[in-house]
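Okay, structure first, notes after.
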Amino acid sequence: MTNNANQKRLRFDHASVGNEPEGRCRAQVTIAFGDRVIKTDAVDDADGVGPLKAAAVATLKAIEDAAEMRFTSSLADLDHVNALGKALIAVLVDIQFEGREVQVFGSCQIAGNDIDAAAKAALNATNRFFELSMRG
């Protein structure tokens, strides 16, 4: 029997967005994996869903870093959705893992901060592949 308490898990820590020149924004995301703290950033348009996309892309970069590039991912789409009376951020993520390409869905309920929700939706979408990639 394995002891799941000893397994390391990805943990979302923080996301923020700041303005850049020429109508752009930079999202900075911090996640933790065991004792490692991983900080990444991504740039997108400052208007519309651009800041949310930047947060999601920065999160995907952090996850790839934590997985030591055992898989790659890219954001295919992001949107605000309503499902079962809840406001969510939903993402579609393209994953390349062990010679296969798949598209996965992730979501997170908006609880006051849609930047955090975008980052957590990207984390939600990739959790299964992260766990698979980290198995011996």
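Quickly run through the stretch 85-136 and pick out the residues that are over 14 Å from the mean Cα position of the chain (by Cα) and aliphatic (A, V, I, L, M). Of everything in the stretch 85-136, those that are over 14 Å from the mean Cα position of the chain (by Cα) and aliphatic (A, V, I, L, M) turn out to be Ala87, Leu88, Val102, Ile110, Ala111, Leu132, Met134. A single entry from Phe97, Phe105 fulfils the requirement of being more than 15 Å from Ala27 (Cβ to Cβ), modelled with pLDDT of 95 or more and either out of contact with any strand residue (DSSP E or B) (no Cβ under 9 Å at 6 or more places or on another chain) or of a type in the set (Phe, Trp, Tyr) (or both): Phe105.
Going by the structure shown, is Leu88 surrounded by 17 or more Cβ atoms within 10 Å (Cβ to Cβ), in contact with a strand residue (DSSP E or B) (Cβ under 9 Å, 6 or more places away or on another chain) and either among the polar types (S, T, N, Q) or free of Cβ contacts under 8 Å to residues at least 40 places away in the same chain (or both)? Here the answer is yes, as Leu88 does meet what is asked. Only a single criterion out of (1) of a type in the set (S, T, N, Q); (2) in contact with a helix residue (DSSP H, G or I) (Cβ under 9 Å, 6 or more places away or on another chain); (3) more than 14 Å from Val29 (Cβ to Cβ); (4) in contact (Cβ under 8 Å) with a residue 24 or more places away in the chain is not satisfied by Thr126, namely (3). From the list Ile115, Ile110, the lone residue that is touching a Pro at 6+ places or on another chain (Cβ under 7 Å) and surrounded by 12 or more Cβ atoms within 10 Å (Cβ to Cβ) is Ile115. Just a yes or no: is a residue in the stretch 80-89 modelled with pLDDT of 95 or more, under 15 Å from Phe12 (Cβ atoms), touching a helix residue (DSSP H, G or I) at 6+ places or on another chain (Cβ under 8 Å) and not charged (D, E, K, R)? Looking through the stretch 80-89, at least one residue is modelled with pLDDT of 95 or more, under 15 Å from Phe12 (Cβ atoms), touching a helix residue (DSSP H, G or I) at 6+ places or on another chain (Cβ under 8 Å) and not charged (D, E, K, R).
Return yes when Asp65 is of a type in the set (D, E, K, R) and either touching a helix residue (DSSP H, G or I) at 6+ places or on another chain (Cβ under 8 Å) or in contact (Cβ under 8 Å) with a residue 60 or more places away in the chain (or both) and no when it is not. Considered against the rule, which asks whether it is of a type in the set (D, E, K, R) and either touching a helix residue (DSSP H, G or I) at 6+ places or on another chain (Cβ under 8 Å) or in contact (Cβ under 8 Å) with a residue 60 or more places away in the chain (or both), Asp65 comes out as no. Set side by side, the residues Leu84, Leu88, Leu123 differ, and just one is within 18 Å of Phe33 (Cβ to Cβ) and among the hydrophobic types (A, V, I, L, M, F, W, C), which is Leu123. Selection of the stretch 68-79 for residues being over 13 Å from the mean Cα position of the chain (by Cα) and either free of Cβ contacts under 8 Å to residues at least 60 places away in the same chain or more than 22 Å from Arg9 (Cα to Cα) (or both) yields Glu68, Met69, Asp79.
Pairs meeting the criteria (first residue in the stretch 8-30 and surrounded by 14 or more Cβ atoms within 10 Å (Cβ to Cβ), second residue polar (S, T, N, Q) and not in a strand (DSSP E or B), beta carbons under 9 Å, at least 6 apart or on different chains) are Leu10/Thr126; Leu10/Asn127; Phe12/Thr59; Ala15/Thr59; Ala15/Asn113; Ala27/Thr59; Val29/Thr59.
Within the group Arg26, Arg11, which residue is at pLDDT 95 or above and either on the phi < 0 side of the Ramachandran plot or in a helix (DSSP H, G or I) (or both)? Checking each option against the conditions leaves just Arg26.
The values are calculated or read from the model by the stated rules, or taken from the named source; none is laboratory data. Just so it is clear, the model here is predicted, and its values are computed rather than measured. Using ideal geometry, Cβ is built from the backbone for each residue, glycine included, and neighbour counts are taken over all protein chains shown.
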